[in-house]
Amino acid sequence: MKTKILTLFTSVCVLFNLQAQDDTTKTSNAGIKAGYNLAAVSFDGDGETGQRHGFHVGFYGESFLTESISLQLEVLYSQQGYEIKGNGGTFTQKLDYINLPLMFKMYPDDNFFLEVGPQVGLAISHKEEFDSGFDLFDIEQEFDPNSFDYGVNFGGGFKTNSGISLGVRYHLGLGDIYDEGSPKNRVWQFSLGFDF
């Protein structure tokens with residue numbers, strides 16, 4: 001599976017890096033990005049849980065369709081999940097994904113961008129822990145989350161002429177993590193990117 005994802009990403013990056021036939025000053029590019037996650041889950045649409053702190057890291061390929069509009073495909077490892085704190089202790093769900101966002105980006109000026117687009121994700125690991133504050137009562141339990149997730153992303157940021165970008169994105173999950181309770185991912189991402 002990892003080989004197929006890497007092959008797909010490499011193929012898309014090669015296609016994105018082919019030059020357009022018009023005389024635009026912006027060129028297609030590829031790079032790496034990483035950053036901080038604040039992840040939570042919404043149960044039955046009744047507010048959100050506490051946030052799990054994590055990170056994301058991966059690759060992107062950006063292709064300019066016009067002078068001010070581009071299409072960006074990404075492959076990201078993302079730590080998600082949530083925390084629930086109560087009188088008895090803290091329950092933490094650690095749920096990690098390989099995500100494939102496809103972002104439509106608009107540049108109102110040379111360095112500022114807005115973005116929106118769909119995302120699909122593959123759950124690659126999960127772990128649920130309860131921390132009571134006493135080792136004797138701590139437990140680890142495994143649930144079986146759905147393998148696939150999907151949703152939509154909204155965001156914006158700045159990108160310098162040298163290819164360094166700083167962005168903020170919100171992921172609104174639309175797929176259920178589990179079959180019971182309709183839990184859906186909610187993730188804030190703060191990223192730093194570098195063009196190759």
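Values quoted throughout were computed directly from the atomic coordinates according to the rules given, and no laboratory measurement underlies them. Treat the numbers as computed from the prediction; the structure is a model and nothing was measured. Because the Cβ atoms are built from the backbone with ideal geometry, glycine has one as well, and the counts that use them run over all protein chains shown.
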Residue-span extension gain [Leu114 to Val57] - 0.36 nm each, minus C-alpha spacing | 18.5 nm
Computed label-point distance, nm, for sites Met106 and Tyr150 using a 7 Å Cα→Cβ extension = 2.4
Reduced to Cα centres, the span from the stretch 88-124 to the stretch 152-196 in Å works out to 3
Around Lys105, with a cut-off of 10 angstrom between Cβ atoms, what is the net charge of the other residues, counting Lys and Arg +1 and Asp and Glu -1?
-> -1
Arrange Phe196, Phe55 by Cβ neighbour counts within 10 Å, fewest through most, would you?
-> Phe196, Phe55
